[in-house]
Every structure is written in C-alpha cells, then in structure tokens.
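Below is one structure, written out as structure tokens; comments come after it.
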Amino acid sequence: MASNANERVSEYKALGIPAGTLPGSVLVDTNEMKWTPFPGADAGEFLLLSLDPANGGWTGIVRFPPGIRIQMHLHAGGVDVYNLSGHWTYDGGDMKPGSYFYEPAGIIHEPDIEDDVTMFVVVRGISMYFGDDGHVSSWLDSHMLYTLCKANGAAEHLKHYDGLMTERALPSA
C-alpha cells in the first residue's frame, strides 16, 4: 500500500489510469473568495463555487442578514440546503445550524430569515420568482450568476467555463 500521494500517483500511472487534476476540477479556499451581492433580495450575498451550464444549476454558499424575506419562488430542479449558521423558517420548519433540507423541484416557497444565516446550497436548475400578482416576474440561472460574479471579480476559479457560459444579464422586472 502506498504511503503518500506521490507513490499512489505512480501506482495509478502503472495501471494506465491518468492521475492529476481533472479538467474543470476546482479547489478553492472560500475564505479568500470575494462575496457577490445576491440578486432578487434586498440584501444578501453569495460565493459561486461551481455551476452547470446545461441545466442552469449551481453550487454555492449564500448568506443573508436578519429580517429578509426572500421573494416567492420555485426551482426547476431539486435543491439541497445545509444550514451552516443562523436560523430561518421554511414552511413552518426551523432551519438551525447543522440542519439539512432537500426541496423537490417545483415547490413554491418564500423563506423567512430570522437572523444572520449562512447556508451551503446545491441548486439543480433555474429559479423562477413570482410577483405580487402571482405571475413569474423574473428568473435566475447559473449563466446570470456567473455573469454577476465575473463582473465582481469573483469568478477566477471558474475561468474554465469561459466559452461555455452565455454571459447574461438579469432580466428587468
């Protein structure tokens, strides 16, 4: 059994298995990343960790200050949420630090942020936001988030997506 990473790489190569950094893989220190204002909320910001240009999904860390009500919306794909800090409510459930939540596609919801909240999210598709009249007023996808982060100088770790992403501004309300 190999005792260190270099020996394991040699073993993989001997078996004909390519070793090394895979194209598109990302390793980033989130403590060094620049936060970008989150669209569709009066306040809040996010770190875009990875994205899926095919379905508009993304993975990131999102944080919101207390008292924010996120506009009513739904996600076209399932969403995983791991609450890192703070408390917020979702359909009567209390999300506290360490809570995990899976939301299936198509659930219309409007979370309430009760105190400073930071969460890790995996969103598998676009998000559609609803106005007071119940009609879709805007939408959000990974292309838009990438565009925002790139303009904010917060997408250097995602530069391998240049050419794959359509830089797209947020739709006007």
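Read-outs: derived from the displayed coordinates by stated rules, not from any lab. Everything numeric here is computed off the predicted structure, so don't read it as measured data. Cβ: placed from backbone, ideal geometry, glycine included. Neighbour counts: every protein chain shown.
With the simple spin-label model, which puts each label point 7 Å out from Cα in the Cβ direction, the Glu110 to Lys159 separation comes to 4.3 nm. Near Tyr102, once Lys and Arg are set to +1 and Asp and Glu to -1 for all other residues with Cβ below 15 Å from its Cβ, the sum equals -2. Charge dipole (Cα centre; +1 on Lys/Arg Cβ, -1 on Asp/Glu Cβ; no other charges) of the chain amounts to roughly 620 debye.
Spatially close Lys pairs in the chain, defined by Cα atoms under 26 Å apart and a spacing of eight or more places or different chains, total 4.
If you take the beta carbon distance between Asp94 and Thr30 as r and set R0 to 30 Å, what does 1/(1 + (r/R0)^6) give as a FRET efficiency, to the nearest 0.05? With R0 = 30 Å, the Cβ-Cβ based efficiency is 0.70. Compared with the dominant principal axis of the Cα atoms in the chain, helix 142-151 is inclined by about 80°. For the chain, averaging the sequence separation of C-alpha pairs within contact (under 8 Å, six or more residues apart) and dividing by the residue count gives a relative contact order of 22 percent. Compared with the dominant Cα axis of the chain, that is its longest principal axis, helix 5-14 is turned about 70°.
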